[in-house]
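Reading through the structure tokens given below for one structure.
Quick note: the coordinates plus some simple rules give every number you see, no bench work behind them. Since we're looking at a predicted model, the values are computed, not measured. Positions of Cβ are backbone-derived with ideal geometry, glycine not excepted, and every protein chain shown enters the neighbour counts.
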Amino acid sequence: MTESPRRRAVDVLLPQVGGLGGIPQYNRQLLKALGLACDELDLEPRVFSLNDANVTGGRGFGRDKGRFVSAVVGGAVARRPHSVIIGHVNLAPLALVYRLLGVRRVYLLAHLIEIERKLGVVSRLAIRLCSSVLCISDATRLAVVTHQGVRPERTRLLQYAFEPSAPRTASEFGDLVDRPLRLLSVARMESSEGYKGIDTTLEAVALLKASGVDLEYTVVGDGDDRRRLGRLCVNLGLQDSVRFLGAVSYEVLGREYGSCDVFVLPSSREGLGIVYLEAMSYGKPVVALHAGGVADVVVHETNGLLVSEQTAEAVGAAIGRLAKDASLRARLGERATAGLARFSLAASTVSLRDALGGCAVRRGRWRASNVPPEHGCPIPEVAG
């Protein structure tokens with residue numbers, strides 16, 4: 001993403017690109033789609049990342065807010081950008097600077113949790129000065145309109161640019177028949193993110209095993225709440241049926257997705273839920289809570305089962321239904337992969353290209369249906 005004097009810049013202000021978590025993961029794919037869109041519009045991404053120490057193809061500021069703001073403002077004054085994407089509501093006040101400099105295309109990227117309550121006066125004013133708010137899900141879009149007072153026509157849906165792993169065969173994951181039903185959850189186990197529903201799932205597993213259902217449950221992820229969840233597992237008598245794997249490599253994660261029968265995560269506050277997409281790409285049915293942006297991904301009775309409340313009884317009933325009905329698991333799993341197209345890199349590229357607009361597209365170089373994964377700007381790599 002080396003700048004060219006012949007191209008106008010698109011300033012991209014992000015909280016973080018590297019590391020774990022849904023927002024950094026979303027941002028990495030955002031930059032990939034943005035590179036494709038900018039290539040068609042003769043634009044050049046100019047990336048500023050607040051929390052990363054170093055970002056290949058952009059600038060990292062190691063959590064130094066002063067340096068970050070100074071660089072963003074200085075860069076905008078020295079070379080006014082064609083457009084701006086502000087990647088988090090906490091950075092929204094910088095929209096005021098760009099508007100004062102006469103930049104017309106200023107977009108805010110909204111994630112659900114950060115905007116599901118009414119923000120302060122300055123942040124709300126900055127949001128309303130943006131040309132449009134890019135929302136990661138319909139639930140996010142509703143929250144932007146309801147809580148921040150943004151008119152619906154000034155919001156756009158920008159789905160996650162999902163790129164599934166290479167197709168895998170069932171034989172790679174061992175015998176999937178004549179064994180206990182395998183459940184999988186993937187989540188950060190932070191005490192601040194107790195809404196993920198791991199404890200509820202543990203309680204549901206205990207209820208099902210007490211009723212005679214043969215289950216194994218694997219939890220991937222780590223955090224300061226893992227010890228408490230481990231104690232709960234022992235208290236429920238599940239130590240022989242539950243594995244806590246902690247943080248794992250992508251290779252190991254792929255094996256766990258491939259070898260499970262059902263993916264379970266009854267989270268109550270997901271803006272979208274990338275892990276549901278990952279599970280679905282392996283053809284796995286999903287059990288989730290009908291809350292937040294999950295319904296954008298999981299369609300009840302089509303690619304998974306949605307429960308109406310985060311209780312052991314509700315989650316257990318959904319799992320139990322899948323445990324008893326192998327044909328239902330197979331049907332939901334088959335339909336899971338079919339629903340991934342709207343979360344593709346190509347679809348996100350089209351959305352970004354339409355949002356940025358305003359420049360002549362070079363004809364004959366781009367096809368939404370055939371975007372090779374390596375095309376466009378590289379995903380920034382984080383060092384240090």
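Tabulated data for the structure shown
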quantity	calculated
Share of pairwise Cα separations in the stretch 170-338, more than 27 Å, in percent	15
Full-stretch length increase - residue 301, residue 142 - with 0.36 nm per residue and alpha-carbon distance subtracted	54.9 nm
Net charge of Cβ neighbours under 13 Å - reference residue 317; Lys, Arg +1; Asp, Glu -1	-2
Sequence of 48, 244 once ranked by neighbouring C-beta atoms within 10 Å, starting from the fewest	244, 48
Highest-MSF residue in the chain out of 279, 314, 336 [GNM, Cα springs under 10 Å]	314
All lysines inside 26 Å of residue 324 as judged from Cα atoms, apart from same-chain residues fewer than 8 positions distant	196, 209, 284
Share antiparallel - DSSP beta bridges, the chain, percent rounded to 5	5
Amide proton proximity set for residue 132, modelled H, under 5 Å, gap of 5+	106, 108
Theoretical FRET efficiency, 1/(1+(r/R0)^6), r = Cβ-Cβ of residue 71 and residue 129, R0 30 Å, to 0.05	0.90
Nitroxide proxy distance, nm - points 7 Å out along Cα→Cβ at residue 157 and residue 268	2.6
Environment charge of residue 355, counting only residues whose C-beta is closer than 11 Å and scoring Lys/Arg +1, Asp/Glu -1	+2
Sequence-separation-based contact order of the chain, relative, with Cα cut under 8 Å and 6+ spacing, percent	20
Gaussian network model of the chain, Cα within-10 Å springs - most flexible of 239, 25, 148	239
Choice from 32, 209, 196 showing the highest fluctuation, given a GNM over the chain with Cα pairs closer than 10 Å	209
Candidate values (i) 12; (ii) 21; (iii) 61, label of the one derived for percent of Cα pairs over 39 Å apart	(ii)
Rounded Å value of the spacing that divides the Cα centres of the stretch 20-34 and the stretch 66-119	17
Amide proton proximity set for residue 344, modelled H, under 5 Å, gap of 5+	162
Exposure proxy ranking, count of Cβ atoms within 10 Å, fewest first, for 217, 26	26, 217
